[in-house]
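Student: Below: one structure in structure tokens.
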Amino acid sequence: MLQRYQSKQAAASDDPAAAAAWAPEATPRAACSGVCHGTLGELWQGPCEQHGELHIGLISLPVRRYSWMHFLPGEDGDIERDLDGKDKCRRAIEAYLHLHGKTLPPGRFVHDSELPTGKGMASSTADLVATVRCLDRLFGATTPLAALTALLRGIERSDSVFLDRYALYLSGRQQVLQTFADAPRLHACYIDEGGTVETEKLAEPLLQHYRRHQASYRAHLELALDAFGRGDAAAICEVATRSAQLAQWVTPKPHLDILLRHRRELGADGVVVAHTGSLIGYLFAQRPDPARLGELSAFFAGLGRQCRLIEAGP
């Protein structure tokens, strides 16, 4: 094998065409990229009152799945074609250019994502944040947090995927109420129950539900803030479980009851759901070993679902 490789190298040194074929890849093209992680639903979601008005608050569960936005300067591009179907990203670009007083140079946008849409993984917000980060790299700028949340506010409800820690966040106002210094890593074994959910359509039904059960949610928020303040992974998993149960009245998950019944025997520390999505799964403070993962896989396969294991937390 080595002799054949050496003979090809020798032949290449005498033959310009062969030398070109064996040459290293061309220099990478210039590119500016932005990346943003997504979420696996929420560890807590409920009402937050501010200035006498009720808002949807949440504490998202970040996961290591990402959206990317690239800009290739100098290439033949057309934003309508490059970002076909990504209307919100195009709006974010327009808002960014207006905010910073910039004009796009010639070039082409390329988008990619590991986050499916309509499932509760914050795919839309991750796309927008990745877009802003890409433009920051392009123009050598930094968009302050207040400007970023204002930009998001003009486009959609959002998650706090631009942060690197757990946070209590108002999704409609795009406002960070509190961040938590301790950030325990968690693991989730989850399934997709199917279908997609349009978050905007659920805003009013959620607020009506919160008004009816405000006392229960207020007590639960106190428990959540205490658990996150202490960085107690087991307590956070319990908070997530109770949040899933409270949400069952307004955004029911078909598999919640059976997951709750089998939680202890499968060694799970809690249950997590995408409150306005189609995902549900078990939470673990420690990564399940291969034997446990096999048990989980068999359990979900018995429900007709393929599970996925994912590392979660900031």
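The values are calculated or read from the model by the stated rules, or taken from the named source; none is laboratory data. Computed from a predicted model, the values in this text were never measured in an experiment. Here the Cβ positions follow ideal geometry from the backbone for every residue, glycine too, while neighbour counts run over all protein chains shown. Heavy atoms of the whole protein, side chains included, go into the accessibility calculation; ligands, DNA and RNA do not. Shrake-Rupley method; radii C 1.70, N 1.55, O 1.52, S 1.80 Å.
Student: Pop out the carbon and sulfur fraction of the accessible area of the stretch 161-314 as a percent, whole number, probe 1.4 Å. Present the calculation step by step, with values, prior to reporting the outcome.
Tutor: Values: 3310 of 6970 Å².
Of the solvent-accessible surface of the stretch 161-314, carbon and sulfur hold 47 percent.
Student: Going by Cα centres, the stretch 136-198 and the stretch 219-255 are how many Å apart?
Tutor: Their Cα centres are 19 Å away from one another.
Student: Please work out how much length the chain gains when fully extended from LEU99 to ARG29, using 0.36 nm per residue of separation minus the C-alpha to C-alpha distance, in nm with one decimal. Walk me through the intermediate numbers first.
Tutor: Working: separation 70, 0.36 × 70 = 25.20 nm, distance 2.81 nm.
My answer for the length gained is 22.4 nm.
Student: Within 15 Å, Cβ to Cβ, of LEU283, how many net charges do the neighbouring residues add up to if Lys/Arg are +1 and Asp/Glu are -1? Spell out each step's value before the answer.
Tutor: Working: positive: ARG185, ARG242, LYS253, ARG263, ARG264, ARG287, ARG292, ARG308; negative: GLU42, ASP232, GLU238, ASP269, GLU311.
Surrounding charge for LEU283 is +3.
Student: Residue by residue, what Karplus-based ³J(HN,Hα) values in Hz, rounded to whole numbers, does the stretch 166-182 have, using 6.51, -1.76 and 1.60 with θ = phi - 60° and x for Gly and Pro?
Tutor: 5, 8, 8, 9, 8, 6, x, 8, 6, 10, 7, 8, 7, 10, 10, 5, 7
Student: Calculate for the chain the 222 nm mean residue ellipticity that helices alone would give, adding -39,500 (n - 2.57) per DSSP H run of length 4 or more and normalising by residue count, nearest 500 deg cm²/dmol.
Tutor: Numbers: 11 runs with 130 residues, N = 314.
Taken over the chain, the calculation gives -13000 deg cm²/dmol.
Student: Whose amide H sits under 5 Å from the amide H of GLY270, counting only residues 5 or more places off or on another chain, with H placed in the peptide plane?
Tutor: Counting only residues 5 or more places away or on other chains, the set is LEU283.
Student: What whole-number value in Å² describes the accessible area per residue of the stretch 25-85 for a 1.4 Å probe? Before the final figure, lay out each step's value.
Tutor: Working: 2840 Å² over 61 residues.
Computed with neighbouring chains in place, this is 47 Å² per residue.
Student: Right, next: Round to a whole number: what % of the accessible area of the stretch 37-87 belongs to carbon and sulfur, probe 1.4 Å?
Tutor: Working: 870 of 2070 Å².
Percent of accessible area from carbon and sulfur atoms in the stretch 37-87: 42.
Student: Solvent-accessible area per residue for the stretch 155-314 at a 1.4 Å probe radius, Å²? Don't skip to the answer; put the middle values down first.
Tutor: Working: 7110 Å² over 160 residues.
Accessible surface, normalised per residue, equals 44 Å².
Student: Any idea of SER171's accessible area? Nearest 10 Å², probe 1.4 Å.
Tutor: Result for SER171: roughly 10 Å² accessible.
Student: Then there is this: Using only the Cα atoms, work out Rg/Rh for the stretch 83-226, with Rh taken as the Kirkwood radius, to two decimals.
Tutor: Numbers: Rg = 17.4 Å, Rh = 17.5 Å.
Rg/Rh: 1.00.
Student: So what is the relative contact order of the chain, in percent, for Cα pairs below 8 Å that sit 6 or more residues apart?
Tutor: Contact order relative to length: 22 percent.
Student: Could I ask something else about it? What are the residues whose amide H is under 5 Å from the amide H of SER160, where those residues sit 5 or more places off or on another chain and H is modelled from the backbone?
Tutor: Here the answer is SER60, since their amide H atoms fall under 5 Å of that of SER160.
Student: Just one of [x] 1.20; [y] 1.57; [z] 1.00 is Cα Rg over 2.2 N^0.38 Å calculated from these coordinates, so which is it?
Tutor: Computed from these coordinates, Cα Rg over 2.2 N^0.38 Å corresponds to label [x].
Student: Skipping prolines and chain starts, which residues have an amide H placed within reach, meaning under 5 Å, of the one on GLN178, given they are 5 or more residues away or on another chain?
Tutor: LEU168
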